[in-house]
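Read the structure below first, then the notes.
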Amino acid sequence: MGGLTSIAGRPAAGAIGGAAGTLAMDLVWYARYRRGGGTQGFIDWETAAGTTSYEDASAPGQVGRKLIVAVLGKEPPASSARAITNVVHWATGVQWGVAYAAALPVVRRLGTLPGGVGLAAVAFGASYVVLPALGVYKPIWEYDRDVIVKDATAHTAYGLTAAAVASALARG
């Protein structure tokens, strides 16, 4: 055995699965954005075009700013907000895929569907623990039901896609 089926290859399968899951989740959010009247094309929307400062940045950008401040001890330039938003967004999706791949020996016994639902639940739950602790989100109980349902279903698209792709690539 070699390639993506080996122990060393599993993280790569997870990273690819995590990237595919991130794209699936973003397509769910983008479809909702367009149905709600949004006019940006997908690439501009996906890459946070128009983000010119950390005040404009979504949650990944806010987390990235906090990380830069914690590590470097100074505020990053506003001009980095768009790039940092993208890096943290995609790195988060990829790292959850890698974590899923690390658990594949156990997950395979359950099956890809339950594994994907579990991945979605862990990623969704972690976001409502970590992001409020960082001051980026409010506690989950302060959001209305519709916000939580939309976020949970988008995370489900992430988890199912990431699990299916990572599992398929790591199948040996």
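Any read-out appearing in this document is the output of simple, stated calculations on the displayed coordinates, not a laboratory observation. No experiment lies behind these values; they were computed from the predicted model shown. Neighbour counts run over all protein chains shown; Cβ positions are idealised from the backbone, glycine included.
List of remarks:
- Spatially proximal aspartates and glutamates relative to LYS150 (Cα-Cα < 19 Å; intrachain offsets below 8 disregarded): ASP26, GLU46, GLU142
- Principal-axis tilt of helix 145-170 within the chain, Cα atoms, nearest 10 degrees: 40
- Gaussian network model of the chain, springs between alpha carbon atoms under 10 Å - residue of LEU160, LEU27, LEU72 with greatest fluctuation: LEU72
- Most fluctuating residue given options VAL129, VAL63, VAL117, as computed from a GNM of the chain linking Cα atoms under 10 Å: VAL129
- Residue-by-residue Karplus 3J(HN,Hα) for region 39-56, coefficients 6.51, -1.76, 1.60, Hz, glycine and proline x: 10, 5, x, 4, 4, 4, 5, 4, 9, 6, 4, x, 7, 10, 7, 6, 5, 7
- Farthest towards the positive end of the charge dipole of region 1-140, among the residues SER80, MET25, ALA101, is the Cα of ALA101, using unit charges on the Cβ of Lys, Arg, Asp and Glu.
- Among VAL130, VAL94, VAL28, the largest mean-square fluctuation in a Gaussian network model of the chain (Cα springs under 10 Å) belongs to VAL130.
- Reduced Cα scattering model of the chain, Debye log10 I(q)/I(0), q = 0.08, 0.11, 0.13 Å⁻¹: -0.27, -0.50, -0.69
- For chymotrypsin sites (Phe, Trp or Tyr not before Pro), the sites in region 77-172 that DSSP calls loop and that have at most 15 other Cβ atoms within 10 Å are TYR143.
- Here the Karplus curve 6.51 cos²θ - 1.76 cosθ + 1.60, taken at θ = phi - 60°, turns the phi angles of region 124-136 into couplings of 4, x, 4, 5, 8, 9, 5, 5, x, 4, 7, x, 9 Hz, with x standing for Gly and Pro.
- Per-pair calculated FRET efficiency, R0 = 35 Å: SER79 and ALA152 via Cβ, rounded to 0.05: 0.55
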